[in-house]
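Take a look at the structure set out below.
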Amino acid sequence: MKRLRAASLSRGDIILTGVKLVSDPNYCAPADLARSNLLVAVLNATETLTDEEAERWAAYSDATEMMRQATNTVLDGARKKDKGIQTIEDVVLHLVNHPADDAYIADLLTSSDYLNLWQVNIERNPWQYDDVLLAEVPRKQREEYCRNRALSRPTHVRMVRHASSMGPGSSRANEIRGRRRRPRGCLFDLRR
């Protein structure tokens with residue numbers, strides 16, 4: 001699975017940026033990416049959260065897990081029609097070849113909430129989608145946000161708390177802290 005993710009990342013970089021990170025993007029491992037001359041390790045890639053911030057983040061639904069569950073619900077249901085289905089793209093291909101299953105798949109998409117999950121991030125971060133709300137954010141914060149996005153630093157990496165400084169809190173906050181922690185030196189950025 002790690003090799004698959006590394007290969008997908010490499011192919012994605014070539015497609016999106018024209019940057020070829022490894023000699024063979026169709027067959028590479030995470031170690032191949034780590035050895036790429038085009039990448040540098042991002043040191044000290046984490047920042048600490050206060051207990052209050054961790055509690056606030058814990059109150060949010062885990063959008064990634066929600067998407068995973070919805071996708072698995074759709075795929076599990078679709079496999080009742082065709083055991084060979086592995087991806088959402090396979091579901092689309094199945095519908096092209098078996099249009100009679102359209103209502104069944106539509107029901108899976110609706111009942112799993114797959115078609116509504118895009119709203120989670122809009123509700124959580126409305127200013128990212130509304131220019132008027134974005135204009136209300138102080139200029140310094142907007143610039144910092146844009147710089148961080150330009151550097152492709154995932155928000156959750158910037159908002160973690162080191163295990164050694166964790167205080168008491170809800171189990172959800174502790175779960176967030178545990179999952180969001182990243183060892184130093186494992187993140188990479190393109191050389192500038």
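Looking across the range 72-91, the residues that are more than 14 Å from residue 104 (Cβ to Cβ) and of a type outside the set (Lys, Arg) come down to 72, 84, 86, 87, 88, 89, 90. Might you let me know whether the range 67-87 holds any residue that is assigned to a helix (DSSP H, G or I) and in contact with a His (Cβ under 9 Å, 6 or more places away or on another chain)? Within the range 67-87 (the criterion being assigned to a helix (DSSP H, G or I) and in contact with a His (Cβ under 9 Å, 6 or more places away or on another chain)), the answer is yes, since at least one residue qualifies.
All of (1) in a helix (DSSP H, G or I); (2) exposed (fewer than 15 other Cβ atoms within 10 Å of the Cβ); (3) modelled with pLDDT of 90 or more hold for residue 144 with one exception: (3).
Restricting attention to the range 79-135 and to residues that are small (Gly, Ala, Ser) and touching a residue at least 12 places away in the same chain (Cβ under 8 Å), the residue that is farthest from residue 57 (Cα to Cα) turns out to be 111. The test for being in contact with a strand residue (DSSP E or B) (Cβ under 9 Å, 6 or more places away or on another chain) and either surrounded by fewer than 16 Cβ atoms within 10 Å (Cβ to Cβ) or not assigned by TED's automatic domain parsing to the domain that holds residue 114 (or both) holds for residue 42. Restricting attention to the range 112-120, does a residue exist that is at pLDDT below 90, in a helix (DSSP H, G or I) and surrounded by 12 or more Cβ atoms within 10 Å (Cβ to Cβ)? Looking for residues that are at pLDDT below 90, in a helix (DSSP H, G or I) and surrounded by 12 or more Cβ atoms within 10 Å (Cβ to Cβ), one finds at least one in the range 112-120, hence yes. Can you run down the residue pairs with Cβ atoms below 6 Å, 6 or more apart or on separate chains, where the first is in the range 46-65 and under 16 Å from residue 122 (Cα atoms) and the partner is β-branched (Val, Ile, Thr)? Final answer for the pair search is 57/176; 63/120.
The values are calculated or read from the model by the stated rules, or taken from the named source; none is laboratory data. Just so we're clear, the structure is a prediction, and the values are computed from it rather than from any experiment. Note that we place each Cβ from the backbone using ideal geometry, even for glycine, and neighbour counts take in every protein chain shown.
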